[in-house]
Amino acid sequence: MRLQGKHIEAVIFDMDGVLIDSEPLWKVAEIAAFRSVGCYLEASDLEKTVGLRIDEVVEYWYNQKPWKNGSTSEVVALIMQEMVRLINEKGAPLQGVSEVLSFFKSNQIKIGLATSSYQILLDAVLKKLAIKDYFDVALSAEPLPYGKPHPEVYLLAAKGLHVHPENCLVIEDSINGIISGKAAKMTVIAIPEKTHTIDRRLIIADYQVNDLQDVIQLFS
């Protein structure tokens, strides 16, 4: 397929805020976990760390507002435990998920997933949304030295798909994810997450649309 002159052989999705409406759940889980160790944050504070891997999020806030009531690893574990519970209880796909996955599959475009979220959450989301069979590759940045905005998780996804990075399309919702995709030399579509204040830096993406159904229209 071609996208305004670019030959696209694979599409790689971010997960949180792109496939699943999980950002409100992250806010609930993080605020509760941080509060349990004496670190009091507002929902607006958490917009500063959207797209980072959760251990990097916790480390960031520990450096900003150090606490004494628990280790950073304990806070990570609390957040993960609550996120799995919330995904299983309340997780829902974002508008256009089934349509866009079916569109790329029917056009013989390889489909990947590259997320900064831990493997346990990746598995929970694929199961909850019943979309695992669409993906040729699904990778978590958990075991990598760095999560997004480092490009490694996207480069590994391209390698697993056997597609050159320049022939990959990335769909992201956060500035850290967009930087990651652009650094990997991929074409990036931004879909701003609706519960956050719109980040004007998203303009660095190659395209910006309202939802996944609009992605399909780019190929028409």
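The values are calculated or read from the model by the stated rules, or taken from the named source; none is laboratory data. Predicted, not measured: the structure shown is a model, and the values here were computed from it. Cβ placement follows ideal geometry from the backbone for every residue including glycine, while neighbour counts extend to all protein chains displayed.
Here Phe135 fulfils each of the conditions (1) in contact with a Ser or Thr (Cβ under 9 Å, 6 or more places away or on another chain); (2) over 19 Å from Glu56 (Cβ atoms) apart from (1). The residue that is nearest to the chain's Cα centre (by Cα), counting only those in the stretch 71-108 that are outside any loop (DSSP other than H, G, I, E, B) and among the hydroxyl-bearing types (Ser, Thr, Tyr), is Ser98.
Quick check on Lys105: is it touching a Phe, Trp or Tyr at 6+ places or on another chain (Cβ under 7 Å) and under 26 Å from Lys182 (Cα atoms)? Considered against the rule, which asks whether it is touching a Phe, Trp or Tyr at 6+ places or on another chain (Cβ under 7 Å) and under 26 Å from Lys182 (Cα atoms), Lys105 comes out as yes. Taken over the stretch 114-137, the residue count meeting the criterion of being without any contact (Cβ under 8 Å) to a residue 24 or more places away in the chain and surrounded by 22 or more Cβ atoms within 10 Å (Cβ to Cβ) is 0. Taken over the stretch 52-71, the criterion of being of a type outside the set (A, V, I, L, M, F, W, C) and buried (at least 16 other Cβ atoms within 10 Å of the Cβ) is satisfied by Arg53, Asp55, Glu56, Glu59, Tyr62, Gly70. Against the test of being acidic (Asp, Glu), outside the structural domain of Glu30 (by TED's automatic domain parsing) and touching a residue at least 24 places away in the same chain (Cβ under 8 Å), the options Glu82, Glu99 yield a single qualifying residue, Glu99. Taking the stretch 1-52 as the range and being touching a Gly at 6+ places or on another chain (Cβ under 8 Å), farther than 17 Å from Ser140 by Cβ and hydroxyl-bearing (Ser, Thr, Tyr) as the test, only Ser36 passes. Of all the criteria given as (1) small (Gly, Ala, Ser); (2) in contact with an Asp or Glu (Cβ under 6 Å, 6 or more places away or on another chain); (3) in the same structural domain as Asn210 (by TED's automatic domain parsing), the one not satisfied by Ala29 is (3). Kindly evaluate Ile111 against the criterion of being assigned to a strand (DSSP E or B) and crowded, with 18+ Cβ neighbours inside 10 Å. Judged against the criteria, Ile111 is a match. Of the residues making up the stretch 19-51, those that are among the hydrophobic types (A, V, I, L, M, F, W, C), out of contact with any Ser or Thr (no Cβ under 7 Å at 6 or more places or on another chain) and either assigned to a loop (DSSP other than H, G, I, E, B) or loosely packed, with under 14 Cβ neighbours inside 10 Å (or both) are Leu19, Ala32, Val37, Cys39, Leu41, Ala43.
Condition check: among the basic types (Lys, Arg) and not in a helix (DSSP H, G or I). Does Lys68 satisfy that?
Working: among the basic types (Lys, Arg): yes; not in a helix (DSSP H, G or I): yes.
Answer is yes for this residue.
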